[in-house]
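Below: one structure, written as structure tokens.
Just so you know, all these numbers are worked out from the coordinates, no wet-lab data involved. Just so you know, these numbers come straight off a predicted model, no measurement behind them. Here the Cβ is made from the backbone with ideal geometry for all residues, glycine too, and neighbour counts use every protein chain on show.
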């Protein structure tokens, strides 16, 4: 579909593929701008519906459901990259879908994503496509230590195996390989920090970056982000330069997260891309003049992008299933800086993202020490951000 030259008018209906917490927060941000929302999600109790979106309860490749979405909405977006790319391609022929299917096809496949980044001369870890155990053995000899990943379908550490000894090769290969799944071996990168940048670009080519976030994961799930990242200015500036290069290279329309590793010498290596609002950008809801969710709505509805340089120091903590019961018991003990965001998910389980806390503070170190006393999150994780 051709780009809409004028901003989408308030009151218009925006469609979202996916109704999880990211869609929920898009809906909450868009309601303040007087937009209405319709989500397509197989979960009848999805978080976005709890926030007031109309819902089509169906699978993402259901053609009847996609037709209803296309016929009902002025513009359609997606909240995460594991929706069906063929369905998105079908949709973009019938309704305005600014993100497009091409960015989805790239970000859904690690091999395509790495090839794209190589074309842009963006630094990435050395990698090899793996088809046989012998290929994996050769890669291990070259890399010495590697991470074996499925090319598609992996998130929050799923579909990944660390290989640090040759005796692990057969098991790692058998665990991830099947006839329908490509796998890739990446050289293990000994990094000092994990960081991310949320960048937005609209159809006029306007680009804005949020401050660099410093992230800490446990079992490959994000636990805490500290903003701004503790980097020397030159490295932080280079991270934003890379983010803008990627946004331009993708012809981005919307919001994109670029996750990177910071090496001991300050070099940056891009790990992966997420072409939508991201967990590490939740701090923007309370620390910035414009949230990543409002920014995404602005970008896809042809509005000027909001300010991103008026952001305060912040800490974001994920509330996983194992944290929620104790948190609810200790609500009265939360620091006054705490901004609680819960997603309303009905099932609580270990490792599931149930919500997050944002803290805006001039003294993140003092704040983190007070959070350690709560005993909700592991002390060893919080002290690593001090």
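Tabulated data for the structure shown
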read-out	value
Chain lengthening between residue 362 and residue 307 when straightened (0.36 nm per residue, less Cα-Cα)	17.8 nm
Extension gain (nm, one decimal) between residue 132 and residue 340, 0.36 nm per residue minus Cα-Cα	70.1 nm
Whole-Å semi-axes of the ellipsoid equivalent to the chain (Cα gyration tensor, √5λ, descending)	30, 27, 21
Proxy reagent accessibility, fewest Cβ within 10 Å first, across 173, 191	191, 173
Distance between modelled label sites at residue 374 and residue 217, nm, 7 Å Cα→Cβ extension	2.4
Residues of region 223-249 with amide N under 16 Å of the 7 Å Cα→Cβ point at residue 326	223-224
Potential lengthening between residue 12 and residue 237 on full extension [0.36 nm per residue; Cα-Cα distance subtracted]	77.3 nm
Paramagnetic reach from residue 86 in region 49-75 [backbone N under 15 Å; point 7 Å along Cα→Cβ]	59-64, 66
Gaussian network model of the chain, springs between alpha carbon atoms under 10 Å - residue of 215, 82, 202 with greatest fluctuation	82
Per-residue Cβ neighbour rank within 10 angstrom, fewest leading, 111, 40	111, 40
Residue 93 paired with residue 43, simple spin-label distance in nm, labels 7 Å along Cα-to-beta-carbon	3.1
For a label point 7 Å along the Cα-to-beta-carbon line of residue 350, residues of region 132-153 with backbone N under 19 Å	none
Calculated FRET efficiency for the pair residue 289/residue 164, C-beta based, R₀ 51 Å, to 0.05	0.70
Rg/Rh (Cα only; Kirkwood hydrodynamic radius) as it applies to region 126-187	0.91
